[in-house]
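*Asks:* Dumping the structure here so I can ask a few things about it.
The values are calculated or read from the model by the stated rules, or taken from the named source; none is laboratory data. Just so you know, these numbers come straight off a predicted model, no measurement behind them. No Cβ is skipped: glycine too gets one built from the backbone with ideal geometry, and neighbour counts run over all protein chains shown. With ligands, DNA and RNA removed, areas are computed over all heavy atoms of the protein, side chains included. Shrake-Rupley method; radii C 1.70, N 1.55, O 1.52, S 1.80 Å.
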4 protein chains.
Amino acid sequence: MTHTEMLAAYPKDLGGIDKDKLADCIAACFECAQTCTACADACLSEDMVAELTKCIRTNLDCADICLATGNVLSRHTGYDANITRAFLEACATACRACADECGRHADMHDHCRICAEACRRCETACRELIGSLG
Amino acid sequence: MTHTEMLAAYPKDLGGIDKDKLADCIAACFECAQTCTACADACLSEDMVAELTKCIRTNLDCADICLATGNVLSRHTGYDANITRAFLEACATACRACADECGRHADMHDHCRICAEACRRCETACRELIGSLG
Amino acid sequence: MTHTEMLAAYPKDLGGIDKDKLADCIAACFECAQTCTACADACLSEDMVAELTKCIRTNLDCADICLATGNVLSRHTGYDANITRAFLEACATACRACADECGRHADMHDHCRICAEACRRCETACRELIGSLG
Amino acid sequence: MTHTEMLAAYPKDLGGIDKDKLADCIAACFECAQTCTACADACLSEDMVAELTKCIRTNLDCADICLATGNVLSRHTGYDANITRAFLEACATACRACADECGRHADMHDHCRICAEACRRCETACRELIGSLG
């Protein structure tokens, strides 16, 4: 992704935010969103879909908040730490729930294993960024 | 909107959630999202756009979380109160920030006045629903 | 929704677009998006979910394009009829497919009946607006 | 992104679709969405924002359709070539318009140059995939 180039091209100061943690978190959010959307669809195609409905639902929620958070982190104008923190907290919560739920099916379904890992990475990236907001 | 019909048509039990507060909050989220998207665009067309950049940015953030929250509230399968609460908290935070920011321009711009009111309604609906989650 | 108030509050001219058809289409897009998201979730909770996977998938696609189209129609600054038409065409295509798919289950599932109707309304609203773009 | 791993982990057949072109297009859509969101925000922070309002608006439209298209391409269950083609056509149209608009400011603003390139790549990826749908 060109997100690091775009951070460097932002014409004003980015404020006190940790640029590396920010860049990591933007990438993690979009990766996790795509992975969750794909995992929900892969679950839908499994013969045992009836046992994966909670996983599908959690995937859909996680994809929604990851996209919203990825968007918020891509904006720097009129920065409001309270808003950023609120998105990151919600995103970390959804990512943890989705990682746990996908983790339950990771042995049986490769898409759930890959998705659980993407969710863990995104949760970690969100918490790292929250910790750096001061 | 047909959201109340869809709530009634959900084939399983909705759980202990307050259906009226839920329906109000779904409607408020989608209304606020559309209003914020339109307000960002109306600000963009103002001659004094340079003074409205923080308002535009806050509008965009608020629209993103309102859509994500409206989606989450439209799902009932595999309900997880922690996820719902996390979205609602983030949504209430963004709505308050956007209501405050738009409120600063409400005397001068009718779109900011209408948007501030939609944000206040959505913040209230989110907090009412949070309070009822138990 | 406050979308008609927001149209009236837009500070510049809306161009030659038919305001009533525009307002109808904005409302139809957001209603259809919410209904499709709810219908996907209701299908997910049905015991016969394994027979509804195509319906769920089409619902998710339709929700995505309805939100994107509702957003585009909520913006008037820097209007480009080619972009608006392209979104409306994609939205009408997805709405027709979703109406057809939900229609197959309308006798059995009330959520599919309601959703098929919302999709038909949205398809009609999109085609009416396309016809008025000139 | 883990999108190629997710394609490989899809439990059923992907149909006749060209997997390499599909993977390229998914990546291009999410990259373009993030870049457009960031470019809209960077434009908003420019002192000459009043001259960039059409660029901001086109960025926002392009981001919306790129996310919607990226989502559709991430789903394979219940595949409908008509829906996929409709999203891809709309996405290619918006990407071309955004590439043209950003291209006008590419000499002056690095974020517009990067964004124009991302839009061109995404337009190309969409058209390549359309061409392979048969």
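*Asks:* Is there a residue being more than 25 Å from residue B:37 (Cβ to Cβ) and open to solvent by 10 Å² or more (accessible area, probe 1.4 Å) anywhere in region D:83-105?
*Replies:* Scanning region D:83-105, I find at least one residue that is more than 25 Å from residue B:37 (Cβ to Cβ) and open to solvent by 10 Å² or more (accessible area, probe 1.4 Å), so the answer is yes.
*Asks:* Now for a different question. Does residue C:76 satisfy the condition of being touching a Ser or Thr at 6+ places or on another chain (Cβ under 8 Å) and more than 14 Å from chain D (Cβ to nearest Cβ)? Walk me through how you get there before you give the answer.
*Replies:* Numbers: touching a Ser or Thr at 6+ places or on another chain (Cβ under 8 Å): yes; more than 14 Å from chain D (Cβ to nearest Cβ): no.
The answer is no for residue C:76.
*Asks:* With the structure loaded, tell me whether residue C:123 is in contact (Cβ under 8 Å) with a residue 24 or more places away in the chain and either among the basic types (Lys, Arg) or open to solvent by less than 40 Å² (accessible area, probe 1.4 Å) (or both) or whether it fails that test.
*Replies:* yes
*Asks:* For residue A:39, state whether it is within 30 Å of residue B:100 (Cβ to Cβ), open to solvent by less than 30 Å² (accessible area, probe 1.4 Å) and touching a helix residue (DSSP H, G or I) at 6+ places or on another chain (Cβ under 9 Å).
*Replies:* no
*Asks:* If you scan region D:124-134, which residues turn out to be under 15 Å from residue D:31 (Cα atoms) and either within 12 Å of chain C (Cβ to nearest Cβ) or modelled with pLDDT under 95 (or both)?
*Replies:* Narrowing region D:124-134 to residues under 15 Å from residue D:31 (Cα atoms): D:124-126.
Matches in region D:124-134: D:126 only.
*Asks:* Further, regarding this structure: Restricting to region C:64-79, count the residues that are part of a helix (DSSP H, G or I) and either open to solvent by 10 Å² or more (accessible area, probe 1.4 Å) or modelled with pLDDT under 95 (or both).
*Replies:* 3
*Asks:* For the subset of region C:106-120 comprising residues that are touching a residue at least 24 places away in the same chain (Cβ under 8 Å), under 15 Å from residue C:25 (Cα atoms) and not small (Gly, Ala, Ser), which member is least open to solvent (accessible area, probe 1.4 Å)? Don't jump to the end; show me each part of the working.
*Replies:* Restricting attention to region C:106-120, the residues satisfying the condition of being touching a residue at least 24 places away in the same chain (Cβ under 8 Å) are C:109, C:111-112, C:114-115, C:118-120.
Those still in the list that are under 15 Å from residue C:25 (Cα atoms) too: C:118-120.
Among the residues that remain, those that are also not small (Gly, Ala, Ser) are: C:119-120.
Values: C:119: 0, C:120: 102 Å².
Within region C:106-120, the match that is least open to solvent (accessible area, probe 1.4 Å) is C:119.
*Asks:* Looking only at region C:92-105, which residues are in contact (Cβ under 8 Å) with a residue 24 or more places away in the chain and among the acidic types (Asp, Glu)?
*Replies:* C:101
*Asks:* Please determine whether any residue of region C:47-62 is more than 14 Å from chain D (Cβ to nearest Cβ) and assigned to a helix (DSSP H, G or I). Lay out the reasoning, then the answer.
*Replies:* First pass over region C:47-62, keeping only residues more than 14 Å from chain D (Cβ to nearest Cβ): C:47-48.
Of the ones still in play, those that are also assigned to a helix (DSSP H, G or I) are none.
No; the residues of region C:47-62 include none that is more than 14 Å from chain D (Cβ to nearest Cβ) and assigned to a helix (DSSP H, G or I).
*Asks:* Right, here's the next one. If residue B:84 passes every condition in (1) in contact with a Leu (Cβ under 6 Å, 6 or more places away or on another chain); (2) among the polar types (S, T, N, Q); (3) more than 7 Å from chain A (Cβ to nearest Cβ) but one, which one does it miss?
*Replies:* (1)
*Asks:* Report, by residue number, each residue of region A:22-66 that is in contact (Cβ under 8 Å) with a residue 40 or more places away in the chain, within 18 Å of residue B:71 (Cβ to Cβ) and aliphatic (A, V, I, L, M).
*Replies:* If the condition is that a residue be in contact (Cβ under 8 Å) with a residue 40 or more places away in the chain, within 18 Å of residue B:71 (Cβ to Cβ) and aliphatic (A, V, I, L, M), then A:38 is the only one that fits.
*Asks:* Spot the failing condition for residue A:33; the list is (1) under 30 Å from residue B:58 (Cβ atoms); (2) open to solvent by 10 Å² or more (accessible area, probe 1.4 Å), and only one is missed.
*Replies:* The number of the failed condition is (2).
*Asks:* What are the pairs with Cβ atoms under 9 angstrom where one residue, in region C:1-21, is over 20 Å from residue C:133 (Cβ atoms) and facing another protein chain (nearest Cβ under 8 Å) and the other, located anywhere, is open to solvent by 20 Å² or more (accessible area, probe 1.4 Å) and assigned to a loop (DSSP other than H, G, I, E, B)? Sequence gap at least six, or different chains.
*Replies:* Taking only residues 6 or more apart or on different chains, the pairs are C:1/B:1; C:11/B:46; C:11/B:47.
*Asks:* Restricting to region A:92-121, what's the tally of residues that are away from chain B (no Cβ under 14 Å) and either of a type in the set (Asp, Glu) or part of a helix (DSSP H, G or I) (or both)?
*Replies:* To start, the set of residues in region A:92-121 that are away from chain B (no Cβ under 14 Å) comprises A:103, A:106-118, A:120-121.
Among the residues that remain, those that are also either of a type in the set (Asp, Glu) or part of a helix (DSSP H, G or I) (or both) are: A:103, A:107, A:110-118, A:120-121.
Here the count works out to 13.
*Asks:* Quick one: residue B:69 ticks every box in (1) closer than 23 Å to residue A:66 by Cα; (2) free of Cβ contacts under 8 Å to residues at least 24 places away in the same chain except a single one, so which number is it?
*Replies:* (2) is the only condition that residue B:69 fails.
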